[in-house]
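Below is one structure, written out as structure tokens; comments come after it.
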Amino acid sequence: MEHIKSPVKGNNKTDSLVNEGISARELLVIDDQGEKLGIIKIHQALHEARSRELDLVVVSPDSKPVVAKIMDYSKFRYDQQRKAREMKKNQHVVELKEIRLSPVIDKHDLETKVKNANKFISKGDKVKISLRFRGRMIVHSAQGYKVIEEFIQALGDSVVIESHIKMEGRTLNATVAPKIKS
């Protein structure tokens with residue numbers, strides 16, 4: 001009996017699912033045309049795959065009996081990697097951007113910060129709004145709540161409040177996220 005090496009080198013997990021690495025004695029085999037060949041012994045299935053110059057690949061290792069398919073494994077693996085690259089390229093990682101405010105912020109400065117926050121939201125990122133009290137400003141915490149509420153209202157309907165305004169030490173925090181378009 002001739003010995004053909006597995007097309008995958010160094011990957012023990014996939015080696016056990018291809019050609020000689022398959023440990024099951026009997027397999028439900030599907031040929032390269034998608035038709036069932038039935039439940040046959042491993043050596044017969046390997047012979048059938050070699051006669052077609054293809055590989056025997058386990059597609060469902062947990063089923064009883066184990067399901068294997070005759071296919072070109074290197075082409076199959078290349079297609080899987082290409083699909084994974086495409087999915088990774090199309091995904092967007094949501095970042096958390098921070099906008100820092102002051103309890104005594106001027107109206108124009110607030111508008112500039114709102115403009116920046118709208119840029120972040122239009123890109124799909126979340127925005128953390130933080131307002132830090134310095135020194136004796138903490139006595140006027142109501143002014144801080146008012147500033148953050150005004151900021152959120154200025155953002156308009158394009159945002160959803162993810163975490164409401166809350167005091168953490170000397171800082172007021174709130175988080176907004178872009179509204180999901182349906």
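Which residues, taken from the stretch 17-31, are surrounded by 13 or more Cβ atoms within 10 Å (Cβ to Cβ) and outside any helix (DSSP H, G or I)?
LEU17, VAL18, ILE22, ALA24, GLU26, LEU27, LEU28, VAL29, ILE30, ASP31
Exactly one of (1) out of contact with any Pro (no Cβ under 9 Å at 6 or more places or on another chain); (2) aliphatic (A, V, I, L, M); (3) not assigned by TED's automatic domain parsing to the domain that holds ARG50 is unmet by VAL159. Its number?
(1)
One residue is enough: does the stretch 74-88 have a residue meeting the conditions out of contact with any Cys (no Cβ under 6 Å at 6 or more places or on another chain), surrounded by 13 or more Cβ atoms within 10 Å (Cβ to Cβ) and more than 30 Å from VAL147 (Cβ to Cβ)?
Checked against the condition, which is being out of contact with any Cys (no Cβ under 6 Å at 6 or more places or on another chain), surrounded by 13 or more Cβ atoms within 10 Å (Cβ to Cβ) and more than 30 Å from VAL147 (Cβ to Cβ), the stretch 74-88 yields at least one hit.
Given the criteria closer than 15 Å to ALA177 by Cα, surrounded by fewer than 16 Cβ atoms within 10 Å (Cβ to Cβ), among the aliphatic types (A, V, I, L, M) and touching a helix residue (DSSP H, G or I) at 6+ places or on another chain (Cβ under 7 Å), does ALA117 qualify?
no
Answer yes if at least one residue in the stretch 70-91 is charged (D, E, K, R), in a strand (DSSP E or B) and either at pLDDT 90 or above or assigned by TED's automatic domain parsing to the domain that holds ARG25 (or both), and no otherwise.
no
Got at least one residue in the stretch 32-48 being in the same structural domain as GLU20 (by TED's automatic domain parsing), basic (Lys, Arg) and outside any strand (DSSP E or B)?
The answer is no; no qualifying residue exists.
Identify the residue in the stretch 102-130 that is modelled with pLDDT of 95 or more and closer than 13 Å to THR171 by Cα and, among all such residues, is nearest to the chain's Cα centre (by Cα).
Result: LYS128.
Restricting attention to strands (runs of 3 or more DSSP E) lying wholly within the stretch 116-182, give those where 3 or more residues are among the polar types (S, T, N, Q) and closer than 14 Å to LEU101 by Cβ.
171-178
The values are calculated or read from the model by the stated rules, or taken from the named source; none is laboratory data. All figures in this text were calculated on a predicted structure; none of them were measured in a lab. A quick note on method: Cβ atoms are made from the backbone with ideal geometry, for glycine too, and the neighbour counts reach across all protein chains shown.
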